[in-house]
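The values are calculated or read from the model by the stated rules, or taken from the named source; none is laboratory data. Note that the structure is predicted; figures quoted are calculated from it, not measured. Here the Cβ is made from the backbone with ideal geometry for all residues, glycine too, and neighbour counts use every protein chain on show. Remember, those area values only see protein heavy atoms, side chains included, never the ligands or the DNA or RNA. Shrake-Rupley method; radii C 1.70, N 1.55, O 1.52, S 1.80 Å.
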Amino acid sequence: MKVCGIEIKGNNAILSCLSGDAENHEIISKEIKKIGIEDSKVQSNIKSFSSTIGQFFKEMNFDRIAIKARAEKGNFAGGATSFKIEGLIQNTEYPVEIIHGSTIKSKLKGIEIDLSLVNKYQEESLKLATLLLQ
């Protein structure tokens, strides 16, 4: 199984991609760790992001794709660009799940995840990708 976990932070979709199963898996697509939008007010940047993420999903042929849910209101709410990014990812031709952070934490309780395999900023997306293999 091939999965992609995505955490949206600021103007970036941070990616962790795994191949295998719950007990035996490996990181794939080490070259592409995040895809971003430089200026979300410029239409060509939005189109470029949409094209890039769609092409990435097509090339990788994932079985499951999920985004870590963001707060929609309050002090920790996502910004306008993060909502655009989420919408563009959901608008691809691939099914995309939204999974809440507390769900990720509870379902991974007791499961060892080697976070040293990714950059610090990819840890949450790796946890989500690991959950998708369970």
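Taking 25 Å as R0, compute the FRET efficiency from the Cβ-Cβ separation of Ile99 and Thr52 and round it to 0.05.
On the way: r = 23 Å, r/R0 = 0.91.
Result of the calculation: an efficiency of 0.65.
Leaving out ligands, DNA and RNA, what percent of the accessible area of the chain is carbon and sulfur, probe 1.4 Å? Please list the in-between numbers first.
Details: 3630 of 7860 Å².
The C+S portion of the solvent-accessible surface of the chain is 46 percent.
How do Arg70, Arg64 rank by accessible surface area computed with a 1.4 Å probe, from largest to smallest?
On the way: Arg70 40, Arg64 75 Å².
Putting Arg70, Arg64 in descending order of accessible area: Arg64, Arg70.
Per-residue accessible area for His100 at 1.4 Å probe radius, Å² rounded to 10?
We get 110 Å² for His100.
Out of all DSSP beta bridges in region 1-131, what portion is antiparallel? Express it as a percent rounded to 5. Working shown, then result.
Numbers: 15 of 23 bridges.
Bridges in region 1-131 are about 65 percent antiparallel.
Net charge within 10 Å of Leu15 by Cβ-Cβ distance, Lys/Arg positive one each and Asp/Glu negative one each, not counting Leu15 itself?
Values: positive: Lys33, Lys34; negative: Glu7.
Surrounding charge for Leu15 is +1.
Report the dimensions of region 1-83 along its three principal axes from the alpha-carbon atoms, largest first, rounded to Å.
Sorted largest first, the three principal extents are 40, 30, 18 Å.
State to the nearest 20 debye the size of the charge dipole of the chain about its Cα centre, where the only charges are +1 on K and R beta carbons and -1 on D and E beta carbons.
Working: 18 positive and 17 negative charges, 88 e Å.
It works out to roughly 420 debye.
Can you show me the helix-derived [θ] at 222 nm for the chain, built from DSSP H runs with n ≥ 4 at -39,500 (n - 2.57) apiece and divided by the number of residues, rounded to the nearest 500. Each step should come with its number before you reach the end.
Numbers: 4 runs with 47 residues, N = 134.
Roughly -11000 deg cm²/dmol at 222 nm, from the helical runs in the chain.
Find, among the GluC sites (Glu not before Pro) in region 77-129, those assigned to loop by DSSP (not H, G, I, E, B) with at most 15 other beta-carbon atoms within 10 angstrom.
On the way: sites: Glu86, Glu93, Glu97, Glu112, Glu123, Glu124; in loops: Glu93, Glu112.
Hits after loop and neighbour filter: Glu93, Glu112.
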